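Report on the following structure.
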C-alpha cells in the first residue's frame, strides 16, 4: 500500500529510505492521506495543512504499536473521524461539497499532466488522479488562494479552459478542464467559496464544527499574563479605560498604563497619537523594571505640534524605571519616511521637546517593500529553482536583508532593556505592523516563557492579535481584491525571524518547525478563527470565540507533534541572535516546500517525535538499570542514581 | 616517562634573536610550569606568558569567554584556562591542547587597540597597548584573545612581539624548523618511534592489507600484485596494486607503458552487487599496440566483468586544481574578510559573493559525478573505470566519494581513515605539492583534499545518521592538513615516503610496514625528525575531543563486517540485459556514447585485432546504452519524480549499500559554516550565556546509560559469586539497550545544542528512522537482526540479512495496518489506498 502510494517524489537517493512521505510532485500529499491508518480528523488535517508539504508530511504519523505503547499518544485521536464520501473526498465536520468535475488535468510543473477528478468544497479544492498506478492528490484550501486566473491551454482541443490558482503560500497550481453546459463553471464556484466575503458568504471558520478537547480561546488571558509579569505594581496599573473600545478601537480592552496619570490626560494623549494608539506597556523586566512600551507615531505634523500630556506620559514611563534616567524610542521606520510623514500630519518625537529621550530609527522599509520582496522570492522558488544562481537570486529578493533588519532591531530593543536597563518605546506609523514585529521578537529574546509552546501562543495572541495587527487586511481573508495594497506578509516575516532564532538556539524553544509552518498555514486557511479580523473589537462583534474554533485548540490537543525534543528551558537567558547574513538562512522548508526535489530525507516532525519517544525509553532503561543496580546493593551503585532525574527534563508529552 | 622537565634546546634550529629571547625567559619558563600548569613537550621552551587573558569561544565551543594564561612557546601559542586540571606528568605528550594554536598554522597576527587595528609582522613595533590579539589561521580558524586591564602591559607587548617573531611566515625552511621545534627533541623522537600504528584501520601499506580489503569486499577474482614493489613500473603507484586474477605479472608489466605515468587500471572497490570500481590515468596514444598487449589491456580493463565497461572521464565536468585553488582562496577571503581593513563583503551581497566563489558549484559537480558512478555500480556486473589524465586528483575525490556513498564501512572513522589511506595516500595524491607547505610551488597548490572533505561534509549533513564519524572528525582532519607535521600529507606518493624513511635510516621491512622500526641512529640526524601519521590523533587531541569524533553511542555493529561475496540476491530490475562482451562506453555529461577512439588500441590496430574491431562495432549499435541510462536515471529520478514509482517499490528499504545520493539543488548545498565561519568575528559579537560544558540532555542520557552499563558490568564481575541468573539479567538488558541506542544513533549528531550543524535536524533521519516511524516492530526487527547476526560471528550473510529483514518488515506492516484498523475501526484511510 505504501509503495504504491509513493507516487512521485521519493526520488531520494537513499534508496533505502524510500518511503512515500512526500509525493510532493505536486505538492500533494499523495499517498499520505491514504496511508494514514488513523483517519482521524486531526491526523488528516495535519497532513492537509502543514501538510501537503514535502517537508512535513508523514504518512507515518501513525501512532505506534505494540511494544512501544508509551508512544501511543492520545492526542492523535482527538477530533472526529473524517467522513469519506463519494469520490473519497475526506471532509471536515461542517464541510460540504459544492461541485465535482471529472476529467480535469492538473498541469504539474514537475511531471507534466495528471488527469483526475476535481472536487470543490466550501473549504478546499481536492484533486485526485484516476491513474491507478500513481495515486496523486492535490489538496489546496481555498483560503490560501490569492487570485484565480484563466489561462490558455494550447493543444487540448475545443471547450478547454485553463485555470491557475495563484496562492499566498508560494505556489500556483494550474488545471485544464472541459467546459460542460450542464454544469456550473468551476471557476464560478471556486471564486464564490475562495472569496466568501466578496460574495456575502461566511468564512469557513464559522461553518467548521470540529470539537477539540482543549479550548484554545482560553490560552490568552490578559489579566493572567500581566500577573505573570508582576503587574500591576506601584508604577503600572491595569486599566479598564478601553473596555468599550472607546478610547482606541484597535487596542484591546485591557491595557497597562502608568498609575500616575488621569483619564483626561490619557484622552489627550490619545488624540495626539495616530489612531489613538497611546503608549502602553507590553512587557516589564522582572528585575530592572525597564519596560517595552508600544504606541503609534505622534501627530506632530509639519508645524511641530507638541502635546504636554504626551511628553509627561513618556516622562512617567521613564520614571517608572528607577534604574535609568533615560528613555529610548525606537522608531521602526526609515528616518526619511518618518520625516515625510510629518507632511501627512504624522512624525516623530523631537528630542528637544522630550527631555532625556533618545530617538533611534531602525530603518525598516514599509509593508509594500516587504510584499514586493516576497513576491520576488516566489519567482525564485517556484516552480523551478535555478541551481547556478540560487544564491544571487536570493540576495536580489532582499528578503534576508529585511529579516536581518528586524532581528537586529529587536536585538537592539532587547539589549537596551537587558544591558542598558532602560525603558524602551517602540512605534512605527500606526504601531500595528513593524511595532508588533519588533516588540514580539524582543520579548521572545528576553523572556523564556514566550519560547514555550503555550507562551508563544500567548505572545501571538497578545502582541499581534489583541493589539490589532490588521490580519484581515494584511492577509485578505476571503477577499477577492488580490491587488489590495494593504496586503503584506508581515506575520510571515515575523515567523521567519522566529525560525531563524530556533536555528541559532536549537534547544531554547519548546515548539518545533512544524508548529511554525502550521501557524503560517492557518494564517491563510480560514479554518480557525484565530487570525480572522483586525481587532479585538471586531472579533467580539463577530462573536469569533463563540462561533469558531481556535487554532490553539487544534495545536494544544496534540502538543507532542509540535514539541521540540531538544528543548531545555533556558530560563533567565536572553537570546541575542546573530544577525549577520552569514548566519541567516533562507527558510527553504517553508518557502520552497512545493518543489518536489526539496523534500528532506524524512519527515521532520516525525523524527522529532521519535526522539521524544526514544528519550523516554532511554530514561526508562536508565531507571530499570538503576533499580537493578541498587538491587545489587553495592556501595558504589548509589552515587550515580540521582544524576538523571536532576539533569534531564523530560517532556510530559510522552 | 618523559615529563618535559628537561629543557633541551637546539640552538641551530632557531633564529639568533629568538634564542636570546628564549634564554632570557628561562626564569619564566621554569616558574610557569609550576605555576600555570602548561604542559610542555620535551624540549619545548616557553618564550613568553601573559596572565589574565580571556579567550573568545566560538559557537562550537559554547560561545562566551574563558579566562586563563596565555603562553607563547617556540612551537605554539598555548592557552591554559584558569581552572583547568593539573596536568598529569605521566601522560603522553599532546602536541596541542584544546585551546592551542600551532605557530605554523598562524597566517596573520592582528592586534586591536583602542580604535585601531594593526597587522603585526616580525619587524613591526607597537605604538599602543593591544587590548585584543587576533590570530588568523590557515585552517580558517580565527582565535581571539583579550587582555585584561590587569594584564601587565609589558607582558602584553612582549607576547605580541614574541608571537609575531616566532610564528612562521610561509617560506622554505620554516617548515623544517617547525617540525624540529615540535618533534625534534630526542625524547620526542623516541616517543614517536615507540608509537604503534593503529591496528583498527587498514593502512594499505602491505600486500596483506590489500588482501584484507579484497576479502572484505568479496572481490574474489582479483589479486594483489607486487609487480611495482620497487617502483620500477610506475614511480607514483604504490608497491602493491590490485589486478585481475587472470592477468599474470609478466603480462601486466607490458601494459604500464600504455598509460600516463604507468598508472594502469587498478581495482579500488567492489560493490556487493558485483560491480568493480577501477581508476586509471589517460592512455598513451602514440604507442604501438601489439596483439598481446591488447589482450592484456582488455583483460585488465574489463577486470572480472566480461561484458561491460564504462569509462568515466573526469576531466570535463569537474574543476581543475587551478579552479579549486581559486575558488578556495575566494572562499577564504569571503569568510575571513579582509583582515587588515577588517572590512567584509556588504551584507546584501553575501550570498551572491558566496555563489561567485564557485566553491559550492565545485562540491556539487564532484558529488554529482560520484552519484552517477554510484548509480552505475548499483546496477551490477559492470566495470566502472575512472579516468583522469594523471589519475591523482579528481579520481581520488570521486573514487573515495563513491565509496563513502555506497559503503557503510567508509562512513565509520576507521573505515574513512582506511579509505583516505587507500585512495589518497596510496593513490598518490600529491599532498605535498597541493598543500604547498613550503610556499615554493604556488602553481601546483590546490586544496583538492579540502574540497573532498567539504563533499563528505555535504553528505554528512544530509545523512548524519548514516555516518559513524562526526563533523568534529572532519574538522580535525581539515585542520590537520594545515599542520606540516604528518607523514600522511608531507609526501606525494609512497615512493617518496619510503625514500624519506630510508634516509632516516629505517629498516626496510616490506611486510610489516617500514615505519614501525626506527633505527636508533635516526635521532642523531636533527634535520629530519620522524613524522607521525595524521591518524595518530592522540598526538593532537585530548581524549575528550577525540571521543567526539564518533557518535557518542558505540556504532551499530553491523557497520563493521561488510559485503562478503557477490550476494546479489535481490532480483534486480536494474540489471542490464546481457551485453555484447567487451562493450565499452564513455560516460560524459550524463550520457553514454562510444567514441571510436575511446580505447586507442581498438582504433589503431585494425589489422591485427579483427575480433575486437568486430565486437566494438557490435557494441556501437548496442542496446546497452538505454540500459545504462536507466541506471543513471535512478540518480536523475530526483529530477523526474514520476519515474520513481517503478524503481522505489521493491527495493528493500534496508539495503545498506543503497548509495546515499545527495540532493544537489541550490538550497540543499550548504556552506560548511562550522568550518569556514567559525572564526568570523562578528559571529561572536553577541555571546550567549549558555556554558560550553552544558551537555544536551539526550547526550547526557546516553552517557548515563553507558555509565550505568559499565557500573553493572563492574558490579556483576566484582560480586563474582552472583548466581548466573542475576548476571544474565543485566546482560540481556545490555543487548536490548544496544538496540535502543542503535535506533538512537541518529540522535547524536544533532544533539549539541549550540552548533548550527546540529540544527540540521531536518535531514537527520534515515531509513532506520523511517522504520521507527512505521511502528516499533518494523523498527526493531531490522536493527536487532544484524546485531544478533554479528554475535553469531558469520559475516557472510550480512547482505542477505539486509534482504531478509525486508521480508520481515512486510508482515510487520501488514500487522500494523491491521492493528491500526482494529484500533480505529471507523477509519477508511487504508481502504482508500488499495
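The values are calculated or read from the model by the stated rules, or taken from the named source; none is laboratory data. Owing to the predicted nature of the structure, the values given are computational and were not obtained by experimental measurement. Cβ atoms come from the backbone with ideal geometry, glycine included; neighbour counts cover every protein chain shown.
Mind counting the residues in the stretch A:575-592 that are more than 7 Å from chain B (Cβ to nearest Cβ) and not in a loop (DSSP other than H, G, I, E, B)?
2
Residue under question is residue B:424, and the condition is that it be outside any loop (DSSP other than H, G, I, E, B), in contact with a helix residue (DSSP H, G or I) (Cβ under 8 Å, 6 or more places away or on another chain) and within 14 Å of another protein chain (Cβ to nearest Cβ); does it hold?
No: the conditions fail for residue B:424.
Residue A:175 fails exactly one of the following numbered conditions: (1) surrounded by 18 or more Cβ atoms within 10 Å (Cβ to Cβ); (2) part of a loop (DSSP other than H, G, I, E, B). What is the number of that condition?
With respect to (1) surrounded by 18 or more Cβ atoms within 10 Å (Cβ to Cβ); (2) part of a loop (DSSP other than H, G, I, E, B), residue A:175 is out only on (2).
What's the number of the condition residue B:264 fails, among (1) in a loop (DSSP other than H, G, I, E, B); (2) out of contact with any strand residue (DSSP E or B) (no Cβ under 9 Å at 6 or more places or on another chain)?
Evaluating residue B:264 over (1) in a loop (DSSP other than H, G, I, E, B); (2) out of contact with any strand residue (DSSP E or B) (no Cβ under 9 Å at 6 or more places or on another chain) leaves (2) as the failure.
For the stretch A:306-349, enumerate the residues that are out of contact with any strand residue (DSSP E or B) (no Cβ under 8 Å at 6 or more places or on another chain) and assigned to a loop (DSSP other than H, G, I, E, B).
Those that are out of contact with any strand residue (DSSP E or B) (no Cβ under 8 Å at 6 or more places or on another chain) and assigned to a loop (DSSP other than H, G, I, E, B): A:306, A:322, A:323, A:325, A:344, A:345.
Of all the residues that make up the stretch A:182-197, how many are out of contact with any helix residue (DSSP H, G or I) (no Cβ under 8 Å at 6 or more places or on another chain) and part of a helix (DSSP H, G or I)?
The total comes to 5.
Residue-by-condition table, conditions (1) part of a loop (DSSP other than H, G, I, E, B); (2) in contact with a helix residue (DSSP H, G or I) (Cβ under 9 Å, 6 or more places away or on another chain); (3) buried (at least 16 other Cβ atoms within 10 Å of the Cβ):
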| residue | (1), (2), (3) |
| --- | --- |
| B:68 | no, no, yes |
| B:72 | no, yes, yes |
| B:84 | yes, no, yes |
| B:104 | no, yes, yes |
| B:123 | yes, yes, no |
| B:134 | no, yes, yes |
| B:140 | yes, yes, yes |
| B:143 | no, no, yes |
| B:154 | no, no, no |
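In the stretch A:198-210, how many residues are out of contact with any helix residue (DSSP H, G or I) (no Cβ under 9 Å at 6 or more places or on another chain) and either touching a residue at least 24 places away in the same chain (Cβ under 8 Å) or farther than 30 Å from residue A:100 by Cα (or both)?
Qualifying residue count for the region: 3.
Return yes when residue A:154 is surrounded by fewer than 16 Cβ atoms within 10 Å (Cβ to Cβ), out of contact with any strand residue (DSSP E or B) (no Cβ under 6 Å at 6 or more places or on another chain) and on the phi < 0 side of the Ramachandran plot and no when it is not.
Spelling it out, residue A:154 is indeed surrounded by fewer than 16 Cβ atoms within 10 Å (Cβ to Cβ), out of contact with any strand residue (DSSP E or B) (no Cβ under 6 Å at 6 or more places or on another chain) and on the phi < 0 side of the Ramachandran plot.
Return only the number of the condition from (1) more than 21 Å from residue B:212 (Cβ to Cβ); (2) buried (at least 24 other Cβ atoms within 10 Å of the Cβ) that residue B:417 does not satisfy.
(1)
Can you confirm whether residue B:119 is surrounded by fewer than 18 Cβ atoms within 10 Å (Cβ to Cβ), closer than 26 Å to residue B:483 by Cβ and modelled with pLDDT under 90?
Against the criterion (surrounded by fewer than 18 Cβ atoms within 10 Å (Cβ to Cβ), closer than 26 Å to residue B:483 by Cβ and modelled with pLDDT under 90), residue B:119 qualifies.
When the stretch A:88-109 is examined, which residues are found to be at pLDDT below 80 and loosely packed, with under 15 Cβ neighbours inside 10 Å?
none
Quick one: residue A:301 ticks every box in (1) in contact with a helix residue (DSSP H, G or I) (Cβ under 7 Å, 6 or more places away or on another chain); (2) surrounded by 18 or more Cβ atoms within 10 Å (Cβ to Cβ) except a single one, so which number is it?
(2)
For the subset of the stretch A:374-412 comprising residues that are within 22 Å of the chain's Cα centre (by Cα) and not in a helix (DSSP H, G or I), which member is modelled with the highest pLDDT?
Among those that are within 22 Å of the chain's Cα centre (by Cα) and not in a helix (DSSP H, G or I), it is A:398.
May I ask you to say which residue of B:231, B:178 is in contact with a strand residue (DSSP E or B) (Cβ under 9 Å, 6 or more places away or on another chain) and either surrounded by 21 or more Cβ atoms within 10 Å (Cβ to Cβ) or touching a residue at least 12 places away in the same chain (Cβ under 8 Å) (or both)?
Checking each option against the conditions leaves just B:178.
Residue B:160: outside any loop (DSSP other than H, G, I, E, B) and either surrounded by fewer than 19 Cβ atoms within 10 Å (Cβ to Cβ) or at positive phi (or both), yes or no?
Spelling it out, it is not the case that residue B:160 is outside any loop (DSSP other than H, G, I, E, B) and either surrounded by fewer than 19 Cβ atoms within 10 Å (Cβ to Cβ) or at positive phi (or both).
Which of the residues spanning the stretch A:330-385 are free of Cβ contacts under 8 Å to residues at least 24 places away in the same chain and buried (at least 17 other Cβ atoms within 10 Å of the Cβ)?
Once the filter is applied, which keeps residues that are free of Cβ contacts under 8 Å to residues at least 24 places away in the same chain and buried (at least 17 other Cβ atoms within 10 Å of the Cβ), the stretch A:330-385 yields only A:380.
Residues B:540, B:560, B:546, B:551: which one is over 30 Å from residue B:629 (Cβ atoms) and modelled with pLDDT under 75?
None of the others qualify; the one that does is B:560.
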